Structure formats: structure tokens, C-alpha cells
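Only one structure is covered here, and it is reproduced in the block below.
Every number in this text was worked out from the coordinates using simple rules, so none of it is lab data. Since the model is a prediction, treat every value here as computed from it, not as a measurement. Quick reminder, even Gly has a Cβ in these numbers, built from the backbone with ideal geometry, and neighbours come from all protein chains shown.
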Amino acid sequence: MLIRRQSEFPAANEYFRPPAGARAAPEFSGLLHIRQGRIETDPRLENPRIQGRDARLFPRITLGFVSNGDVLVPLQRGQIVAEHGPAEVPSYWSVIPQFGRIWRDPSEDGPWSRAAFPLMLVSDTENHAHQGVATFRYQGREVSELQFQFAQQTAPYLLQQHFIGWGRVRMKFAPLAGREAARHRASAQAELARRLPHRPWADLLREAPAHSLDGFGGPVLERWRVIAALVRDGTIYHQESSTSYGDYPYPLEMRFGVRSVMKSIGAPLALLRLAQVYGPYVLTLKIGDYVAGLDPKYRAVRFIDAANMATGFGGTGSWSTQPNDPLDGYLEGDYEAWFAAPSHRDKVRQIRRSLRPYPWDPGTVMRYRDQDFYLLGAAIDRFVKTVRGPRADAWDLLQSEVFEPIGIAYAPTVRTRESRSRRGLPWFNAGYYPTLDDLAKIAILYQSRGAHRGEQILHRGLTEGLLSARGALAKQADLSLGGEGSPGPTAANGELYQMGFHFRPYLDTRGKPYHVPTMWGAGESEVILYPNGMISIVIAKALELAPGETARSNAGSETVRAVERFKPFD
């Protein structure tokens with residue numbers, strides 16, 4: 001029998017959600033001033049200090065909550081909450097809280113009630129996330145310590161380790177104004193009402209032909225998967241997120257560090273939205289006209305060239321393109337110094353110092369470079385400011401004109417860190433922390449050719465062209481050797497790339513060739529859009545593997561085959 005009062009951590013994940021027979025708890029409303037505290041880890045972190053900040057410290061933060069029925073509503077839900085106030089050693093972490101629950105434990109007769117909520121550990125230095133849970137007890141204006149644990153995660157990078165973390169920290173309660181509490185209850189109800197329907201994976205298995213979904217989630221090995229889901233007719237069917245301490249209790253609240261999946265979201269959605277508002281000419285604007293301090297070659301690099309990873313810049317690795325290797329030199333040119341550079345100026349300085357032009361023209365050779373998408377985001381942001389004023393912001397535009405209309409209330413993302421409290425630029429190469437619901441809605445918007453409930457949000461023609469890979473570059477080809485335009489999607493030219501999407505060749509059971517639009521992020525996370533209208537989402541953590549470990553099986557396109565078996569394409 002599960003003991004509801006937990007003294008040892010990590011605990012079974014069941015401890016963080018109401019048990020059978022839970023009783024209604026009294027209303028909760030207030031601010032929690034949470035002290036900095038120790039995070040115990042397994043294994044021990046070998047290099048916990050990054051840029052003077054310590055990953056073994058839970059950050060000093062203030063979180064506000066109200067209850068709405070048995071739902072615990074964080075005031076800062078979906079937002080990156082950074083550590084505040086001076087500290088002898090600052091924490092490496094910020095947090096993102098999500099919707100939780102309140103209850104009275106049936107085994108307790110005392111005055112205390114329980115609250116629990118999902119909590120993500122994130123950083124403003126990279127796109128890594130630990131999916132965790134936290135709990136506290138309350139009666140009136142008294143609160144206990146905050147107990148927390150982080151037993152799941154998306155791929156680490158700067159820390160270079162997978163780990164489990166847990167601990168407890170002291171905190172103080174402060175009241176919340178009644179008017180503010182009512183406002184948050186109302187907005188939370190509206191937000192939850194706009195979520196897509198969701199059902200457990202077992203429901204889908206009962207409806208699917210026998211064994212049709214075998215292998216779904218592969219070829220990523222199961223031990224490296226965080227969660228997997230299939231979107232069918234607007235409903236999310238999700239598997240459980242398994243951890244060493246049982247299934248994660250709030251799978252739809254998980255926010256993930258999706259890394260380069262961002263490349264299929266930030267810049268493409270911004271460009272397609274701007275093309276709808278101002279015209280397709282925005283794709284032909286030049287990077288060098290909007291970002292200062294770059295090599296003169298950038299005055300010939302169009303926005304669409306950067307979105308296609310074809311700037312003709314970043315000259316590290318081999319200059320041979322016969323055949324082309326799109327990853328040649330990707331992590332060279334002191335990549336880590338550029339990645340960790342905090343400010344926009346620092347990042348541009350690293351680009352000038354470490355990278356140089358290739359001999360070919362922009363738009364002819366695809367070479368994968370995070371720097372291309374970062375600069376594209378900076379250029380888009382500057383363009384938005386030129387047409388909408390100096391306070392305009394590219395990510396705010398996406399939030400208000402793309403995300404909010406399709407039901408995404410919050411879109412937390414990493415920004416550069418600027419001096420004098422100036423707001424930083426959003427990274428467009430990585431940095432987004434979406435939920436399954438967010439990813440599904442974005443993919444549905446693409447599949448709907450940029451329309452939502454009768455409103456054309458994205459430019460329809462350009463969105464159609466993107467999904468059909470019209471104008472996409474073959475990854476291993478070199479158009480500078482001659483020929484006109486893109487080779488187009490054929491079975492012979494392998495993988496294609498365009499506007500952040502990987503188009504992977506696939507022969508269906510009838511032998512018909514497809515290039516399947518795929519969002520991909522380091523760690524083997526993938527969001528795939530299918531010709532039968534379905535969407536698969538696989539979030540994985542296969543980064544920083546030990547020598548000899550592998551992330552994928554040799555079974556090939558298991559998830560794509562499973563989706564085709566479930567519902568044949570076309």
C-alpha cells in the first residue's frame with residue numbers, strides 16, 4: 001500500500017496526484033516565496049558549474065497559485081520563471097510551472113490538504129528540460145516545505161549528463177488579492193477549454209487493426225523515449241511517459257526542450273505569417289540588410305536562403321560538395337563558444353571570428369548551421385521592428401497572431417541575455433518549450449495550409465509549397481554545379497530540406513514514393529506530418545550517450561510504417 005506521507009525521495013510518481021478516494025480540499029490562493037536549496041542528483045553531476053551558475057541548486061523564486069475546483073492553477077503557468085534576488089552562488093535553473101491538483105488525503109484526519117503540480121527545470125543558456133513534479137501541504141496561511149523531484153528529461157547538452165534530481169526547500173506564504181485570483185481562475189478555464197481532446201493510447205489500440213501500431217515510436221529505442229503520441233482527427237492519443245519511479249503523473253502538462261524542432265516552428269511560421277500580411281516578398285529580403293556586423297556576403301543572402309540552410313556561409317569542414325555532406329563542419333568553428341555566448345553582440349562576434357564564406361552562391365548548397373537560423377531570427381525581428389515600431393518583437397508577433405488564435409496560450413522560449421535588463425532576441429535555432437498540445441496544434445495548422453476556423457493565418461500558397469517540398473534542396477546535391485532551381489522531390493535524390501523541415505523519402509506498401517515532412521531535434525525528437533492527415537510526435541532524450549550506446553534500432557521508419565498500416569496514405 002502506498003504511504004501518502006513521504007519521507008524519502010525520490011518517491012513513486014503516484015505520490016504527486018490524488019489517490020483513489022481523495023476528498024475535496026479547501027480553496028488555495030496565494031504566493032509562495034521559495035528559498036534556494038539543494039538538488040540531490042543521481043548520478044553526481046561531474047561539471048555542475050556553468051558560467052558561474054550551479055545546477056545543484058534549486059532557484060530562489062516566487063510562484064503564485066489559485067485553485068479552481070480541484071485544479072491548481074499557477075499564475076506563471078507556461079512561463080519561464082527565473083531566479084530573483086542576489087545569491088552567493090546563483091542557480092543554473094529557471095522553472096516553468098503547469099496545472100496541478102489539490103486534495104485531502106483519505107488516510108488523514110488532520111487539517112492539512114495537499115497540492116501538487118508539474119514543474120520543469122529549464123535554463124536560459126540552452127534548450128534542455130527536466131520534467132518534474134512538486135508538492136506541498138497547506139492549511140489556511142500555513143504551508144509546508146516544497147518537495148520536488150525530476151525523474152524525466154529531454155536531452156542534456158552543456159551538463160553532458162542524464163540524471164534524476166530531488167530535494168526539499170523552505171518557503172513562505174503570502175496572500176493573493178481576491179480580484180487577481182478570480183481573473184486567473186477565469187483565464188485558466190478558458191485556456192483548458194481550448195485544449196485538443198486527448199485519450200490514452202489504450203483507446204487507440206482498441207480501435208486500430210491488430211498489430212498495426214506495433215513499433216510506433218521507433219526506430220528510437222524505447223529507453224530513450226520521453227513520450228510518444230499520435231494525432232488523429234484532432235484528438236491526441238498519447239502513450240505514458242515511463243520513468244524509474246513510475247509513469248509521469250501529468251503527461252499533457254510536460255514541456256519539452258525540443259531543440260531544432262524550433263527550426264520548423266519559429267522562422268517558418270513567422271515568414272509565412274509575414275508573407276500573408278505583407279506579401280511573399282519578405283522571403284527575398286536580405287539578412288545583411290537587417291543584421292549589423294556581418295560579413296558582406298550576407299547582403300546577398302535572402303531570408304529563404306537562411307531558412308533553407310543555404311547561406312553559402314559558415315566555411316568550416318570540407319569545401320567538397322560532390323556529393324555534399326550537409327553536416328560537414330557543423331560543430332566546428334568553435335561552435336560551443338558561439339552557442340554559449342550570452343548576448344546578440346557576443347554571438348555575432350563569434351560568427352565573425354570563427355566562420356567564413358564558402359565559394360558557392362547562397363541558395364545552392366545545403367549545409368546545416370544553427371547560426372543560419374539564429375541570424376534569420378534576428379533579421380526577422382529587425383524587419384518586424386521596421387514595419388511595426390521599435391517595441392515590436394518577432395516572438396510576440398507569433399504569440400499574438402499565430403499561437404493564440406490556434407489555442408496556444410503560452411510559448412516559453414530562450415532569448416539572448418542582454419545588459420541593462422534589455423529584452424533579448426528569441427533564438428530561432430532552438431529554445432522553445434512546447435507541450436504535446438502545442439506541437440499538435442502547430443502541425444495541424446501546417447496541414448490545414450495555414451488556415452484555422454476560416455481565418456487564413458499563414459500564406460496559403462507558400463504553406464502548400466512547403467508541405468509539398470516545392471523548392472526544397474536535396475541535402476547531398478550542389479546546384480552551383482549547374483541546373484535550374486530545385487531538383488524537386490523524387491525518390492532518387494534522397495532527403496530534402498526546406499524552411500526547417502526535413503523531407504525524408506518513404507515508399508509505401510504499394511511502392512508509391514513520398515517525401516514526408518518532418519520536424520527534427522537533437523536527441524531524436526520528431527514531429528511527422530502524414531499524407532493521411534495524421535501527425536506523430538516522438539519526444540526523445542538520446543543525446544550525450546555513453547561510448548558504445550546507440551539511440552536507434554536498425555528497423556528503419558517504424559513509426560511511419562505503423563501510421564501507414566493504421567490508415568493507408570491517400
Item to check | Lys, Arg +1 and Asp, Glu -1 on Cβ, resulting dipole of segment 263-408 about Cα centre, debye, nearest 20 | outcome: 480 debye
Item to check | Cα-based Rg and Dmax for segment 352-418, where Dmax is the largest Cα-Cα distance (Å) | outcome: 15.5, 45
Checklist entry - Looking at the chain, how many pairs of lysines come closer than 28 Å at the Cα, when each pair is eight or more places apart or spans two chains? => result 23
Next on the checklist: Testing the spin-label approximation: label points 7 Å from Cα along Cα→Cβ at SER400 and ASP233. State their distance in nm.
Outcome noted: 3.8 nm
Item to check | Proxy reagent accessibility, fewest Cβ within 10 Å first, across LEU507, LEU45, LEU146 | outcome: LEU507, LEU45, LEU146
Checklist entry - Relative contact order, percent, of segment 365-469 when contacts are C-alpha pairs under 8 Å separated by at least 6 residues? => result 21 percent
Next on the checklist: Over segment 171-238, what portion of Cα pair distances is larger than 13 Å, expressed as a whole percent?
Outcome noted: 76 percent
Next on the checklist: Can you compute the FRET efficiency between ALA555 and ASP508 using 1/(1 + (r/R0)^6), with r the Cβ-Cβ distance and R0 = 22 Å? Round to the nearest 0.05.
Outcome noted: 0.85
Checklist outcome for this item: Expressed in Å to one decimal, the Kirkwood Rh of segment 64-156 from all distinct alpha-carbon pairs is 14.6 Å
Checklist entry - With charges only on Cβ, +1 for K and R and -1 for D and E, what is the dipole size of the chain about its Cα centre, in debye, rounded to 20? => result 1400 debye
Next on the checklist: For q values of 0.06, 0.07, 0.09, 0.10 Å⁻¹, compute log₁₀ I(q)/I(0) with the Debye formula on a Cα-only model of the chain, without solvent.
Outcome noted: -0.30, -0.41, -0.69, -0.86
Checklist entry - When VAL261, VAL66 are ordered from fewest to most other Cβ atoms inside 10 Å of their Cβ, what list results? => result VAL66, VAL261
Checklist entry - With the dipole of segment 259-456 worked out from charges on the C-beta (+1 for Lys and Arg, -1 for Asp and Glu) around the Cα centre, which of VAL365, ILE351, GLY431 lies farthest toward the positive end? => result ILE351
Item to check | Whole-Å distance, taken between Cα centres, linking segment 345-388 and segment 268-316 | outcome: 8 Å
Checklist entry - Between the DSSP loop rule and a limit of at most 12 other Cβ atoms within 10 Å, which chymotrypsin sites (Phe, Trp or Tyr not before Pro) in segment 263-335 are left? => result TRP319
Checklist entry - Semi-axes of the equivalent ellipsoid of segment 492-534: what are they in whole Å, largest first, if each equals the square root of 5 times a C-alpha gyration tensor eigenvalue? => result 19, 13, 9
Checklist entry - With charges only on Cβ, +1 for K and R and -1 for D and E, what is the dipole size of segment 13-193 about its Cα centre, in debye, rounded to 20? => result 340 debye
Checklist entry - Using alpha-carbon pairs under 8 Å, 6+ residues apart, how would you state the relative contact order of the chain in percent? => result 15 percent
Item to check | Distance histogram for segment 259-456 (every C-alpha pair counted, 10 angstrom bins, percent rounded to whole numbers) | outcome: 9, 36, 36, 17, 2
Checklist outcome for this item: Once the dipole of the chain is set up from charges on Cβ (+1 Lys and Arg, -1 Asp and Glu), the residue from the list TYR335, GLY389, SER400 lying farthest towards its positive end is GLY389
Next on the checklist: Taking every DSSP beta bridge with both residues inside segment 149-255, roughly what % is antiparallel (nearest 5)?
Outcome noted: 60 percent
Item to check | Binned Cα-Cα distances of segment 251-340, short to long, each 5 Å bin given as a whole percent | outcome: 3, 11, 15, 19, 22, 15, 9, 5, 2, 0
Checklist entry - What FRET efficiency would be calculated for the residue pair SER244, ALA292, taking the C-beta separation as r and a Förster radius of 60 Å, to the nearest 0.05? => result 0.75
Item to check | Contour minus Cα-Cα distance for ARG417 and LEU481 (0.36 nm per residue) | outcome: 18.9 nm
Checklist entry - Using alpha carbon centroids, what distance separates segment 125-172 and segment 42-77, in Å? => result 5 Å
Checklist entry - LYS172 label point, 7 Å along Cα→Cβ, cut-off 18 Å on backbone N: hits in segment 16-57? => result 30-37
Item to check | Mean projected area (nm²) of the alpha-carbon convex hull when segment 1-146 is viewed from all directions | outcome: 9.4 nm²
Checklist entry - Under a point spin-label approximation (7 Å from Cα along Cα-to-Cβ), what is the ARG349-LEU31 distance to one decimal in nm? => result 3.7 nm
Next on the checklist: Through the Karplus equation 6.51 cos²θ - 1.76 cosθ + 1.60, θ set to phi - 60°, convert the phi angles of segment 470-477 into ³J(HN,Hα) values in whole Hz; use x for Gly and Pro.
Outcome noted: 6, x, 5, 9, 6, 4, 9, 9
Checklist entry - Please report, for the Cα atoms of segment 214-304, the Rg to one decimal and the Dmax as a whole number; what are they, in angstrom? => result 20.1, 55
Item to check | Added length on full extension, which subtracts the Cα-Cα distance from 0.36 nm per residue, ASP70 to GLU40 | outcome: 7.8 nm
Checklist entry - Counting only DSSP beta bridges with both residues in the chain, what percent are antiparallel, rounded to the nearest 5? => result 95 percent
Next on the checklist: Just to be sure I follow the definition: excluding the sites themselves, where is the longest run in the chain that has none of the GluC sites (Glu not before Pro) in a DSSP loop with at most 10 other Cβ atoms within 10 Å?
Outcome noted: 89-483
Item to check | P(r) tail fraction, segment 124-236 - alpha-carbon pairs more than 24 Å apart, % | outcome: 58 percent
Checklist entry - Where does each of ARG367, ARG420 land when they are ranked from fewest to most other beta-carbon atoms within 10 angstrom? => result ARG420, ARG367
Next on the checklist: Given a Förster distance of 30 Å, report the FRET efficiency between ALA451 and SER187 from their Cβ-Cβ distance, rounded to the nearest 0.05.
Outcome noted: 0.70
